[in-house]
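Peer 1: Sharing a structure below in C-alpha cells format, with a few things to ask.
No lab work stands behind these numbers, since they all come straight from the coordinates. Nothing here was measured: the structure is a model prediction, and the numbers come from that model. Cβ atoms come from the backbone with ideal geometry, glycine included; neighbour counts cover every protein chain shown.
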C-alpha cells in the first residue's frame with residue numbers, strides 16, 4: 001500500500017515537471033517571437049507607422065507609400081489620423097492633381113495647412129464653403145499670398161480648433177490693417193498670432209478703437225512690423241490674456 005502511494009506521488013511530480021517544462025518552452029518561444037529583429041519597414045505595427053507619419057507632410061506620405069502595397073494604401077485612405085499639408089511652389093496642373101487627390105478627400109483631417117502657392121490660395125481661400133470644411137484645422141500659415149484674400153479671414157471664425165495663425169508677406173503695404181486685426185480678434189479659439197504686413201510698412205490702425213467689451217484669447221503675439229507705442233496700446237487692449245509679446 002505504501003509502495004503504491006509512493007508510485008502515485010512520483011507520477012504526479014513527473015506530470016507537474018512536464019507541465020512546467022512545457023510552459024517554460026512556450027514562454028520562451030513567445031519571448032523569442034516578441035524580440036525577433038525587424039528587417040523591413042513593413043514589419044512595423046500600424047500604430048508605430050502612424051506615429052512616423054505624423055512627422056511628414058501628407059504629400060510625401062501619399063507619394064511614397066500609397067503605391068507600396070495595399071496595406072499602406074489602406075493605412076492612408078482609411079485612417080482618421082490628422083494630417084499636415086504644406087503647399088509650396090508647384091505648377092498649376094500639379095496643384096490641381098494634388099487638390100483633387102489629397103486635399104478634397106482628406107480636408108476634414110487637415111490639422112496644419114501652409115499656403116505659399118498662388119493657385120492654392122485662389123482655390124482654398126476664396127470659398128467660404130472650402131474653408132468651413134477644415135473642421136480639424138489647428139494651424140494656418142499664409143506666406144506671400146495676395147492681400148485680397150485677407151478679407152476672407154472672417155470665414156475662419158467657424159473653425160472650432162483654429163488656435164494658431166501666421167500671415168507673412170513682404171508685399172503688403174497699403175492694406176486696411178485695422179480691418180485685418182478686427183477679423184483676427186474675433187477668432188474665438190486663437191491663441192497664437194504672427195504677422196508681417198510688408199517689412200517696411202507701418203502698422204496703421206487709426207480706425208481701430210480701444211477694446212471695451214470684446215476681447216481675444218490670444219496669448220502669444222508676434223508683430224514683425226515697426227509699431228508706434230499708441231498703436232501697440234490699442235492692439236494690446238484686445239488681448240488681456242497675452243503672455244508673450246514680440247515686436248521689432
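Peer 1: What list do you get for 41, 56, 95 if you sort them by fewest beta carbons within 10 Å?
Peer 2: In order of increasing Cβ crowding within 10 Å: 41, 56, 95.
Peer 1: How would you order 235-241, 64-70 from highest to lowest mean count of nearby Cβ atoms within 10 Å?
Peer 2: Highest mean packing first, the order is 235-241, 64-70.
Peer 1: Considering the zone a paramagnetic label at residue 210 would reach in this model (a point 7 Å from Cα along the Cα-to-Cβ line), which residues of segment 217-248 have amide N under 14 Å from it?
Peer 2: Once the point is set 7 Å along Cα→Cβ of residue 210, 230-239 turn out to lie under 14 Å by backbone N, inside segment 217-248.
Peer 1: Once the Cβ-Cβ distance between residue 41 and residue 100 is put in as r, and R0 is 30 Å, what FRET efficiency do you end up with, to the nearest 0.05?
Peer 2: 0.60
Peer 1: Related question: Under a crude label model (7 Å from the Cα following the beta-carbon direction), how far is residue 227 from residue 70 in nanometres?
Peer 2: For residue 227 paired with residue 70, the spin-label model returns 5.7 nm.
Peer 1: Out of all Cα-Cα pairs in segment 97-177, roughly what percent, to the nearest whole number, are more than 22 Å apart?
Peer 2: Cα-Cα pairs of segment 97-177 separated by over 22 Å account for 19 percent.
Peer 1: In nm, to one decimal, how far is the residue 77 label point from the residue 55 one, both placed 7 Å along Cα→Cβ?
Peer 2: My value for the distance between the label points is 2.8 nm.
Peer 1: So how long is each side of segment 46-112 along the principal axes, counting just the alpha-carbon atoms, biggest first, in Å?
Peer 2: 35, 24, 18
Peer 1: Which order do 227, 48, 131 fall in if you start with the one that has the fewest other Cβ atoms within 10 Å?
Peer 2: Ordered by Cβ neighbours within 10 Å, fewest first: 48, 227, 131.
Peer 1: To make sure I understand, if each residue's beta carbon is the centre and we count other beta carbons within 10 Å, what order do 220, 244 fall in, fewest to most?
Peer 2: Listing 220, 244 from fewest to most nearby Cβ atoms yields 244, 220.
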